[in-house]
1. State all residues of segment 138-156 that are assigned to a loop (DSSP other than H, G, I, E, B) and under 10 Å from Y30 (Cβ atoms); if no residue qualifies, say none.
2. Go through segment 1-56 and give me each residue that's in a loop (DSSP other than H, G, I, E, B), loosely packed, with under 10 Cβ neighbours inside 10 Å and at pLDDT 90 or above.
3. Would you be able to say whether some residue in segment 116-138 is of a type in the set (G, A, S), open to solvent by 40 Å² or more (accessible area, probe 1.4 Å), in contact with a Ser or Thr (Cβ under 9 Å, 6 or more places away or on another chain) and on the phi > 0 side of the Ramachandran plot?
4. Test each condition in (1) of a type outside the set (S, T, Y); (2) in contact (Cβ under 8 Å) with a residue 40 or more places away in the chain; (3) not in a strand (DSSP E or B) for L76 and report the one that comes out false.
5. Just for segment 85-107: of the residues that are among the charged types (D, E, K, R) and at pLDDT below 90, which one is nearest to N118 (Cα to Cα)?
6. From the set of residues in segment 66-77 that are open to solvent by less than 40 Å² (accessible area, probe 1.4 Å) and not hydroxyl-bearing (S, T, Y), which is farthest from P125 (Cα to Cα)?
7. Within segment 92-126, how many residues are touching a residue at least 40 places away in the same chain (Cβ under 8 Å) and either within 18 Å of H154 (Cβ to Cβ) or within 17 Å of the chain's Cα centre (by Cα) (or both)?
8. Answer yes if at least one residue in segment 154-161 is modelled with pLDDT of 95 or more, within 20 Å of V46 (Cβ to Cβ) and either within 14 Å of the chain's Cα centre (by Cα) or of a type outside the set (D, E, K, R) (or both), and no otherwise.
Amino acid sequence: MMRRAVALTLGALLVQSLAAAPVALPHDEYLPEDLYGQRQDKPEQVLFEVQRYSLTVASELRPGARPNDAQASVSLLLEGRSVLPGSPVQRARLQFVDGAGGQRGARLADDGALLVINYPLALLPAIRQMLDSPGTDYVQGRFYGNGLIWADLHSAPVSAAD
């Protein structure tokens with residue numbers, strides 16, 4: 001009877017530790033430390049290699065608006081090939097917002113075929129420099145069951161110049 005209780009306790013502890021262990025996915029090394037323990041379930045992951053991009057700078061005046069109410073926008077459309085088998089997402093639109101207001105979380109659009117990520121406009125020069133530098137760039141999105149969303153643009157490691 002005592003052995004059974006010990007075995008059940010050890011089994012429960014093992015199951016609990018396995019359930020609490022983070023799920024390993026491709027490109028985990030590009031995420032910061034999970035300080036609040038929010039990444040416990042296996043997320044829906046989007047991951048593709050950037051092969052080309054285009055920059056759009058636009059202005060829009062909506063019907064009925066005053067002429068001084070035109071809105072300008074800047075966006076990058078990134079396209080490439082999925083690194084994950086069966087993933088339909090091979091495009092991302094990076095939208096740039098002037099100032100901290102108006103930031104929205106990343107989301108899937110166009111029936112799940114386009115990842116939309118919002119960044120402050122101040123990051124545009126750094127992102128353009130990253131995309132224009134040698135090496136491979138990737139777009140990643142993770143959508144966790146608890147509502148946590150992570151999205152990034154990252155470069156593969158490159159050798160430092162001598």
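The values are calculated or read from the model by the stated rules, or taken from the named source; none is laboratory data. Note that the coordinates shown come from a computational prediction; the quantities given were computed from them, not determined experimentally. FYI the Cβ positions are ideal-geometry reconstructions off the backbone, even for glycines, and counts take in every protein chain you see. These accessible areas exclude ligands, DNA and RNA; they are computed on the full protein's heavy atoms, side chains included. Shrake-Rupley method; radii C 1.70, N 1.55, O 1.52, S 1.80 Å.
1. A156
2. P32, E33, L35, Y36, G37
3. Looking through segment 116-138, at least one residue is of a type in the set (G, A, S), open to solvent by 40 Å² or more (accessible area, probe 1.4 Å), in contact with a Ser or Thr (Cβ under 9 Å, 6 or more places away or on another chain) and on the phi > 0 side of the Ramachandran plot.
4. (3)
5. Here is the first cut: in segment 85-107, the ones among the charged types (D, E, K, R) are 91, 93, 98, 104, 107.
With at pLDDT below 90 added as a condition, the list becomes 98, 104.
Working: D98: 11, R104: 6 Å.
Here the answer is R104.
6. Looking at the filtered set, the residue picked out is L77.
7. So the count comes out to 8.
8. So in segment 154-161, the residues modelled with pLDDT of 95 or more come out as 154-155.
In the following step, the residues that additionally are within 20 Å of V46 (Cβ to Cβ) were identified as 154-155.
From what's left, either within 14 Å of the chain's Cα centre (by Cα) or of a type outside the set (D, E, K, R) (or both): 154-155.
Yes, some residue in segment 154-161 is modelled with pLDDT of 95 or more, within 20 Å of V46 (Cβ to Cβ) and either within 14 Å of the chain's Cα centre (by Cα) or of a type outside the set (D, E, K, R) (or both).
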